[in-house]
Ligand code: 13P
């Protein structure tokens, strides 16, 4: 049985003081999530990581939105895995479409990050998903397959079980134009099929696959009722305490 996972992605939102306020307010949700066997957490900007972690401690997941694959060096503006580990952060998004789009994050770079995170006992949340153009050309599956194959190169069977994959069609992010639950299931199921081919059925059945893209309190249950959708990666609706709370309550 795969545990459900609700993960917020704040993107470039919330100052340190705003993040502290938010963390204090959502802290009680941790117990509620636990009692329903749901993993819950937020991926936040680097500056917010330490203050939010100090408040939430280990009650909820506190993850980074990105990380560099090298340990240290002359990479101005970057943050390394040892820096995250030093403040007890053990999860990071990898290859979010906004980073692929604006920061030249290639599948090969994602692969380097995934391998580095796993080597350090951290959880990569590997984001994949196609543009509107690719979707309309009916090429979603071949596009996503390439992202998975290159992104998971050299990841062994034991490690891949720890990884989370998030399917986020770019055309549904922040647009309110969400993919139907049928589309989400079709692609998540396809991703599991690729995992079966790359590894084996038992391994593929252990990997959690999330859907992301305009997930709101009023549609989250539809997605999570699908067999291969194990949770949601949520942008906009994770930014307000009320809607974050509702997201959780609607899947309990
Ligand atoms: P929205 O939920 O705002 O569409 O964002 C989705 C997303 O990009 C999460 O990573």
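Since every read-out is calculated from the coordinates, none of them should be taken as a lab result. This structure is a prediction, so every number in the text was calculated from the model and none was measured. In this analysis, Cβ positions are derived from the backbone assuming ideal geometry, glycine residues included, and neighbour counts consider all displayed protein chains.
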Worksheet item: What number of residues within region 130-142 satisfy the criterion of being surrounded by fewer than 16 Cβ atoms within 10 Å (Cβ to Cβ) and either within 16 Å of the ligand (Cβ to nearest atom) or touching a residue at least 40 places away in the same chain (Cβ under 8 Å) (or both)?
Response: 1
Worksheet item: Of all the residues that make up region 195-219, how many are more than 13 Å from the ligand (Cβ to nearest atom), within 19 Å of the chain's Cα centre (by Cα) and free of Cβ contacts under 8 Å to residues at least 40 places away in the same chain?
Response: 1
Worksheet entry | Sole residue being more than 17 Å from the chain's Cα centre (by Cα), in contact (Cβ under 8 Å) with a residue 24 or more places away in the chain and more than 15 Å from residue 7 (Cβ to Cβ), chosen from 156, 228, 222 | 222
Practice prompt. Evaluate the following for residue 145: is it more than 13 Å from the ligand (Cβ to nearest atom) and within 27 Å of residue 72 (Cβ to Cβ)?
Written response: no
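Rundown of residues vs (1) over 19 Å from residue 5 (Cα atoms); (2) within 16 Å of the ligand (Cβ to nearest atom); (3) without any contact (Cβ under 8 Å) to a residue 24 or more places away in the chain, yes/no style:
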position: 23; (1), (2), (3): no, no, no
position: 56; (1), (2), (3): no, no, no
position: 97; (1), (2), (3): yes, yes, no
position: 128; (1), (2), (3): no, yes, no
Response to the item:
Residue count, region 163-185, condition more than 16 Å from the ligand (Cβ to nearest atom) and surrounded by fewer than 17 Cβ atoms within 10 Å (Cβ to Cβ), comes to 1
Worksheet item: Quick one: would you say residue 125 is assigned to a loop (DSSP other than H, G, I, E, B) and surrounded by 15 or more Cβ atoms within 10 Å (Cβ to Cβ)?
Response: no
Worksheet item: Condition test on residue 238, is it within 11 Å of the ligand (Cβ to nearest atom) and surrounded by fewer than 24 Cβ atoms within 10 Å (Cβ to Cβ)?
Response: no
Item to complete: Go through region 62-81 and count every residue that is within 20 Å of the chain's Cα centre (by Cα), in contact (Cβ under 8 Å) with a residue 24 or more places away in the chain and either farther than 24 Å from residue 170 by Cβ or away from the ligand (no atom under 16 Å from the Cβ) (or both).
Response: 5
Worksheet, complete the sentence: Only one of (1) farther than 17 Å from residue 169 by Cα; (2) more than 16 Å from the ligand (Cβ to nearest atom); (3) in contact with a helix residue (DSSP H, G or I) (Cβ under 7 Å, 6 or more places away or on another chain) does not apply to residue 192, and that is (1)
